[in-house]
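Reading through the structure tokens given below for one structure.
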Amino acid sequence: MSTTAPLVRDSRTMLRRNLLHARRYPSMTLQVALIPVFLLLLFVYVFGSALGAGIGHGGDRTAYLAYVVPGILLMTAGTGTVPTAVAVCTDMAEGVVARFRTMAISRPSILVGHVVGSVIQTVINLVLVTAVALAIGFRPDASPVEWLAAGGLLGLFVFALTWLSVGLGLVSRTPEGASNAPLPFSFLLPFVSSTFVPVDSMPSWIRWFAEYQPFTTVIETLRGLLTGTGIGHNGWMAVAWSVGIAALGFVWSLRLFDRDAR
Amino acid sequence: MPPPRTLCGMSSPRQHAHQAPPAIEAVALRKSYGDKVVLDGIDLHVPRGTIFALLGPNGAGKTTTVQILSTLIGADSGESRVAGHDLRTAPQSVRAAIGVTGQFSAVDNLITGEENMALMADLHHLDRHEGRRATAELLERFDLVEAAKKPTSAYSGGMRRRLDLAMTLVGSPEVIFLDEPTTGLDPRSRHTMWQIIRDLVAGGVTVFLTTQYLEEADQLADRIAVLSGGRIVAEGTADELKRLVPGGHVQLRFLDPAELARAEAVLGLGIRDDEALTLQVPGDGSVHTLRALLDILDGNDVAVDSLTVHTPDLDDVFFAVTGHPDDEKTQTR
């Protein structure tokens, strides 16, 4: 008999199951990593020179590369929500999940397995995107502590978005619906933020939204940590948003999961 | 199953029945979805170590009953206990005592049979050695050793059902729910499944199965309940249910109407069908009554072309109790 808590033990089993799935059918998870890589190359090599001049301080393509990478990392976190929501929605329709519900296991472990599995996959995607950025000349001046803080914040934000996408997957009736549900997080918020251009350049009504929405606060914090720009209030706001979204996603997902089986 | 367990399994259910609570007990279970009443107050009582069959057509509420008793969904009202635990207040204790094999196979299609079994062993918190042993033994018993390394999406319907049941057995459940265990299987796989189910009960577990097949209920079940429109319209052993319908008959077929008319005159009873040239004579089809019948016809030189014996089966019961809402008429006719 093991003394490990049932939640930890069953979550580990569920994680193993999800990683097995991801290893056998990796197509969708890899696809979503290609979108940010493509956008990175597009914005640096096609728009980079003009946008670099636009961000001020006599910026060029290299300066724009340094500017855009933190936002591209957030976009990677954002696109990761799609495979998570689809996987959860598809899985809930499987007979084996109905079987899990009739077993004396820790019920949240089914969701925790999905969350941890998705976070691992998104982190792998983040490493891939960072590697591409470094390969094309991204040279951050961060100290080891700043790298650690950047990684930690990104990890926390990915964790939060993943719980939210689990909820979106649970609430969606079809996999098609589940792939559209995370659109605000995979597309809208990453664009209406300081990913590609500073929020100062936007009209005031949209600037207010763009400045305080979660993606911008995390992007600005990462930018500060990696390239030494000012962080200001963005630091604590980024952490607050992440913790808030994680808590909301967690409670919402568990409540959805505890409804009667469909 | 090793022989010693089989032996005590044979005798224990009857002894247990007096001491331990029944495997399944439900009173006035109700469930509706919006305006649609799915279960309209059903009562169930299943003693330990027996096979209970819930028989009914599609949409009768069979799957809903299994879903409620296996803690997947809640009933709107009614009391129910499974393996002595209250479904409402102690669902986790119920889950620890049951195993469920669903109508649509509850196997993970993206991984292999062996991985599915390992998943169950881990979720039942068996240690590595014990888990491997139980998994290997069940794969062997259900003839899945060769297929163990293949993804289950490549399995045939019969293999998938066997794996499904093998997964259910990893936790050694006391009560097993089988929701239409043979629907969609070919006759050979169906007979294999029947034998597996009989062996389970010989080992002491209780089986609650749903089926649309009268033959299946007749073959397997100690007691049968007929579910129709969310109500149990008849319940009893197969023999008791058969007694609900009028007895059997012998059907005599003739080559010409004159012979048919003479036969009716000689016998003085039976239902005559002039178009089919048949005469239905009441009788149980025993050798004794058949010989007597044929002797009378022979003695009067009536030429019978052919003869078929019809004994009442569950089909008659089924149509009698579900085909006519007020089945009193059927019984007293």
| Can you name the residue in the range B:71-95 that is without any contact (Cβ under 8 Å) to a residue 12 or more places away in the chain and among the polar types (S, T, N, Q) and is also surrounded by the most Cβ atoms within 10 Å (Cβ to Cβ) among such residues? | B:SER93
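Please work out if A:GLU146 is farther than 24 Å from A:LEU254 by Cα and acidic (Asp, Glu). Explain how you work it out, then say what you get.
Details: farther than 24 Å from A:LEU254 by Cα: yes; acidic (Asp, Glu): yes.
Spelling it out, A:GLU146 is indeed farther than 24 Å from A:LEU254 by Cα and acidic (Asp, Glu).
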| If B:GLU140 satisfies every condition in (1) at positive phi; (2) more than 8 Å from every other protein chain (Cβ to nearest Cβ); (3) open to solvent by 50 Å² or more (accessible area, probe 1.4 Å) but one, which is the exception? | (1)
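With the requirement that a residue be among the hydroxyl-bearing types (Ser, Thr, Tyr) and within 30 Å of B:ALA106 (Cα to Cα), what does the range A:43-100 give you? Walk me through how you get there before you give the answer.
Restricting attention to the range A:43-100, the residues satisfying the condition of being among the hydroxyl-bearing types (Ser, Thr, Tyr) are A:45, A:49, A:62, A:64, A:67, A:76, A:79, A:81, A:84, A:90.
Selection gives A:THR81, A:THR84, A:THR90.
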| field | Selection from the range B:231-281 of residues that are aliphatic (A, V, I, L, M), touching a residue at least 24 places away in the same chain (Cβ under 8 Å), outside any strand (DSSP E or B) and over 30 Å from B:ASP43 (Cβ atoms) | value | B:LEU255, B:ALA263, B:VAL266, B:LEU267, B:LEU277
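Okay, residues lined up against (1) touching a residue at least 60 places away in the same chain (Cβ under 8 Å); (2) open to solvent by 30 Å² or more (accessible area, probe 1.4 Å); (3) within 12 Å of another protein chain (Cβ to nearest Cβ); (4) out of contact with any Leu (no Cβ under 9 Å at 6 or more places or on another chain):
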| residue | (1), (2), (3), (4) |
| --- | --- |
| A:LEU7 | yes, yes, no, yes |
| A:THR13 | yes, no, yes, no |
| A:ASN18 | yes, no, yes, yes |
| A:ARG23 | no, yes, yes, yes |
| A:LEU41 | yes, yes, no, yes |
| A:TYR45 | no, yes, no, yes |
| A:SER49 | no, yes, no, yes |
| query | Since B:LYS150 meets every condition but one in (1) away from every other protein chain (no Cβ under 14 Å); (2) surrounded by fewer than 16 Cβ atoms within 10 Å (Cβ to Cβ); (3) touching a strand residue (DSSP E or B) at 6+ places or on another chain (Cβ under 9 Å), which condition does it not meet? | reply | (1)
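Hey, can you tell me all the residues within the range B:13-33 that are within 28 Å of B:ASP76 (Cβ to Cβ) and either at pLDDT below 90 or not assigned by TED's automatic domain parsing to the domain that holds B:ILE197 (or both)? If you could, list the steps in order and put the result at the bottom.
Narrowing the range B:13-33 to residues within 28 Å of B:ASP76 (Cβ to Cβ): B:21-33.
Once the filter is applied, which keeps residues that are within 28 Å of B:ASP76 (Cβ to Cβ) and either at pLDDT below 90 or not assigned by TED's automatic domain parsing to the domain that holds B:ILE197 (or both), the range B:13-33 yields only B:PRO21.
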| query | What is the number of the single condition among (1) open to solvent by less than 30 Å² (accessible area, probe 1.4 Å); (2) away from chain B (no Cβ under 12 Å); (3) at pLDDT 90 or above that A:GLY56 does not meet? | reply | (3)
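Can A:VAL96 be described as open to solvent by 10 Å² or more (accessible area, probe 1.4 Å) and either within 14 Å of another protein chain (Cβ to nearest Cβ) or touching a strand residue (DSSP E or B) at 6+ places or on another chain (Cβ under 9 Å) (or both)?
Working: open to solvent by 10 Å² or more (accessible area, probe 1.4 Å): no; either within 14 Å of another protein chain (Cβ to nearest Cβ) or touching a strand residue (DSSP E or B) at 6+ places or on another chain (Cβ under 9 Å) (or both): yes.
Judged against the criteria, A:VAL96 is not a match.
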| Set B:PRO21, B:PRO57: member being in contact (Cβ under 8 Å) with a residue 24 or more places away in the chain, within 21 Å of the chain's Cα centre (by Cα) and more than 14 Å from chain A (Cβ to nearest Cβ) | B:PRO57
| said: Quick check on my filter: what residues within the range B:96-116 are surrounded by fewer than 24 Cβ atoms within 10 Å (Cβ to Cβ), farther than 26 Å from A:LEU19 by Cα and within 7 Å of chain A (Cβ to nearest Cβ)? | reply: B:ALA96
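How many residues does the range A:129-176 hold that are of a type in the set (A, V, I, L, M) and open to solvent by less than 50 Å² (accessible area, probe 1.4 Å)?
Of all residues in the range A:129-176, those of a type in the set (A, V, I, L, M) come to A:129, A:131-136, A:142, A:145, A:148-150, A:153-154, A:156, A:158, A:160-161, A:164, A:166, A:168, A:170-171.
From the residues that got through so far, the ones that are open to solvent by less than 50 Å² (accessible area, probe 1.4 Å) too are A:129, A:132-133, A:136, A:142, A:149-150, A:153-154, A:158, A:160-161, A:164, A:166, A:168, A:170.
Of the residues in that region, 16 qualify.
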| remark: Checked the range B:165-183 for anything under 15 Å from the mean Cα position of the chain (by Cα) and part of a loop (DSSP other than H, G, I, E, B); matches are B:GLU180, B:PRO181, B:THR182, B:THR183
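Picking from B:ASP199, B:ASP122, B:ASP164, B:ASP186, which residue would you name as being within 14 Å of chain A (Cβ to nearest Cβ), out of contact with any strand residue (DSSP E or B) (no Cβ under 9 Å at 6 or more places or on another chain) and of a type in the set (Asp, Glu)? Can you show your working first?
Working: B:ASP199 fails: within 14 Å of chain A (Cβ to nearest Cβ); B:ASP164 fails: out of contact with any strand residue (DSSP E or B) (no Cβ under 9 Å at 6 or more places or on another chain); B:ASP186 fails: within 14 Å of chain A (Cβ to nearest Cβ).
Selected residue: B:ASP122, the only one of B:ASP199, B:ASP122, B:ASP164, B:ASP186 that is within 14 Å of chain A (Cβ to nearest Cβ), out of contact with any strand residue (DSSP E or B) (no Cβ under 9 Å at 6 or more places or on another chain) and of a type in the set (Asp, Glu).
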| said: As an exercise: evaluate A:ILE124 against (1) modelled with pLDDT under 95; (2) crowded, with 16+ Cβ neighbours inside 10 Å; (3) within 23 Å of A:SER242 (Cβ to Cβ) and give the number of the one condition it does not meet. | reply: (2)
| note | Cβ pairs under 6 Å, 6+ apart or interchain, first in the range A:141-155 and touching a residue at least 24 places away in the same chain (Cβ under 8 Å), second open to solvent by 50 Å² or more (accessible area, probe 1.4 Å) and in a loop (DSSP other than H, G, I, E, B), ordered by first then second residue, are A:ASP141/A:GLY228
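The values are calculated or read from the model by the stated rules, or taken from the named source; none is laboratory data. Computed from a prediction, not measured in an experiment: that's the story for all the values here. Counting neighbours? That spans all protein chains shown, and the Cβs are built from the backbone with ideal geometry, glycine included. For the accessible areas, the whole protein counts, side chains as well, though only heavy atoms, and no ligand, DNA or RNA atoms are used. Shrake-Rupley method; radii C 1.70, N 1.55, O 1.52, S 1.80 Å.
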